[in-house]
1. Could you grab the pairs with beta carbons closer than 6 Å, sequence gap of 6+ or different chains, first residue in segment 164-184 and of a type in the set (S, T, N, Q), second one away from ligand 1 (no atom under 16 Å from the Cβ) and open to solvent by 70 Å² or more (accessible area, probe 1.4 Å)?
2. Would you be able to tell me the number of residues in segment 32-49 that are more than 23 Å from the chain's Cα centre (by Cα), small (G, A, S) and open to solvent by less than 30 Å² (accessible area, probe 1.4 Å)?
3. Please state which one of R216, R269, R244, R201 is away from ligand 2 (no atom under 16 Å from the Cβ), among the charged types (D, E, K, R), open to solvent by less than 40 Å² (accessible area, probe 1.4 Å) and out of contact with any Phe, Trp or Tyr (no Cβ under 7 Å at 6 or more places or on another chain).
4. Hey, could you check segment 55-68 for residues that are surrounded by fewer than 24 Cβ atoms within 10 Å (Cβ to Cβ) and over 16 Å from S232 (Cα atoms) and say which is farthest from ligand 1 (Cβ to nearest atom)?
5. Which of (1) of a type in the set (A, V, I, L, M, F, W, C); (2) open to solvent by 40 Å² or more (accessible area, probe 1.4 Å); (3) within 20 Å of G79 (Cα to Cα) is the odd one out, the single condition A107 does not satisfy?
6. For segment 329-355, give me the residue count where each residue is hydroxyl-bearing (S, T, Y), over 28 Å from G249 (Cβ atoms) and open to solvent by less than 10 Å² (accessible area, probe 1.4 Å).
7. Please tell me if L358 is surrounded by 17 or more Cβ atoms within 10 Å (Cβ to Cβ), part of a strand (DSSP E or B) and modelled with pLDDT of 95 or more.
Amino acid sequence: MTASKILLLIIDGVGDRPCECLDGKTPLEAARIPNLDELAATGICGIMDPVAPGIRAGSDTSHLSILGYPPQQYYTGRGPLEAAGCGIQMEPGMIGFRANYATLDDAGNVIDRRAGRIADTTEISAAVRDGVDLSKYGVTIEFEPGTGHRAALALRGKGLSADVSSNDPKITGIPPKTIHSEGSDTDSALFTAEVCNEFCRQAENILKNHPVNLARKAAGKNPANTILIRGSGVMGVYEPFEERHGLSGSVVAAAALIAGIGSSVGLKRVPVNPDTSLDEQVRLVLNEFATQDFVLFNIKNADEYGHDGKAAEKKDFLEKIDKELRPFMEMPGLMIAVCGDHSTPCTIKEHSADPVPLIIRGDGTRVDRVTAYDEISCAAGALCRISGGDLMPILLDLIDKTHKYGA
Ligand SMILES: O=C(O)[C@H](O)COP(=O)(O)O
Ligand SMILES: [Mg+2]
């Protein structure tokens with residue numbers, strides 16, 4: 001029997017490197033993950049470069065690549081995708097940005113790029129959205145909270161350009177950068193840079209004494225007293241997933257960016273928020289297979305532990321994921337692909353180009369000799385080393401949805 005449905009489970013940031021606190025093992029090697037190991041032992045394994053060998057992929061370029069939209073051709077910046085994920089209707093010509101709530105000290109230096117991973121920014125986001133006034137530039141803003149410290153900004157107006165830099169210094173201990181034209185120095189780029197700097201200035205004024213931040217300070221938490229914006233871009237145009245691959249599909253993702261990418265390529269967005277329990281998310285995914293051929297299921301938190309350098313917590317979270325996977329393994333006719341969108345090694349607290357471990361398990365697949373799901377075991381698998389853009393064609397062939405190339 002050939003499987004007829006595809007689950008693409010992406011454990012965000014799953015890949016890692018040896019961690020001293022785990023006796024030199026990666027979180028995956030150290031984790032007790034019997035279900036993932038069983039999937040590896042009953043499927044075919046390999047390692048995958050999300051975009052290409054040596055390319056340190058972001059979640060955005062990686063998911064586009066894995067979904068079959070080569071980022072070299074389709075990527076127009078993280079901003080518009082994140083904005084779409086935050087519920088902003090990105091119309092042609094609008095410029096979108098990813099935004100971080102961050103913390104400045106009294107000297108104006110960034111001391112925390114994520115404002116203590118603030119959980120709920122609904123109230124302060126409304127204050128920024130309603131308080132910033134860019135009418136002197138003929139520009140209006142859309143500004144929506146995302147997951148945790150994340151948000152999205154979109155600009156509407158004449159003479160705007162996506163060719164602007166970011167004020168995110170990407171490190172702490174220095175002030176936010178001044179946003180400038182990225183190189184074209186066209187009037188629109190220079191104008192947009194001025195608009196962005198004014199947005200950040202006004203936002204900071206609104207946030208610094210906002211009651212939410214005064215309360216956070218009183219509670220010893222980092223206030224969300226500044227906004228760092230990055231990833232400017234104009235919304236891209238994507239051939240709908242169903243036309244591209246011949247599969248109806250849904251996306252289940254608590255991360256706004258991933259939900260935004262999924263909905264931008266025409267996947268049905270299933271609402272999930274960071275508080276939705278993993279077992280509930282699994283139930284939502286299973287529900288989708290009643291009507292859909294394909295589900296992208298992204299689980300985010302392992303990436304955050306990577307960015308925070310918390311190897312033991314990343315290991316524990318991988319064990320938590322593993323406990324919820326049994327219902328997928330028992331669903332007849334399901335082709336399960338498990339991978340990551342990139343590695344986020346705890347030792348560097350950033351993404352890396354290390355390939356991610358991959359399993360494909362379903363009716364009819366070859367079965368290799370790998371018996372554990374981790375970066376090293378999977379490297380010995382029969383899939384060998386593939387790139388993200390290879391995955392959908394391989395999966396489509398395994399569910400008998402490809403056509404012979406040639407006569
Ligand atoms: O988690 C995310 O959104 C990114 O992968 C990392 O972004 P950050 O470093 O701004 O949190
Ligand atoms: Mg990611």
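The values are calculated or read from the model by the stated rules, or taken from the named source; none is laboratory data. Just so it is clear, the structure is predicted and the values come from calculations on it, not from any experiment. FYI the Cβ positions are ideal-geometry reconstructions off the backbone, even for glycines, and counts take in every protein chain you see. Protein only, heavy atoms only, side chains kept; ligands, DNA and RNA dropped before computing areas. Shrake-Rupley method; radii C 1.70, N 1.55, O 1.52, S 1.80 Å.
1. S165/H180; S165/E182; S181/L190
2. Total meeting the criteria: 2.
3. R216
4. If we take residues in segment 55-68 being surrounded by fewer than 24 Cβ atoms within 10 Å (Cβ to Cβ) and over 16 Å from S232 (Cα atoms), then G68 is farthest from ligand 1 (Cβ to nearest atom).
5. Here A107 meets the rest and fails (3).
6. Qualifying residue count, segment 329-355: 1.
7. Considered against the rule, which asks whether it is surrounded by 17 or more Cβ atoms within 10 Å (Cβ to Cβ), part of a strand (DSSP E or B) and modelled with pLDDT of 95 or more, L358 comes out as yes.
Okay, residues lined up against (1) within 17 Å of the chain's Cα centre (by Cα); (2) crowded, with 18+ Cβ neighbours inside 10 Å; (3) under 22 Å from E91 (Cα atoms):
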| position | (1), (2), (3) |
| --- | --- |
| S248 | no, no, no |
| L257 | yes, yes, yes |
| N273 | yes, no, no |
| Q292 | no, yes, no |
| L296 | yes, yes, no |
| I299 | yes, yes, no |
| A312 | no, no, no |
| P327 | no, no, no |
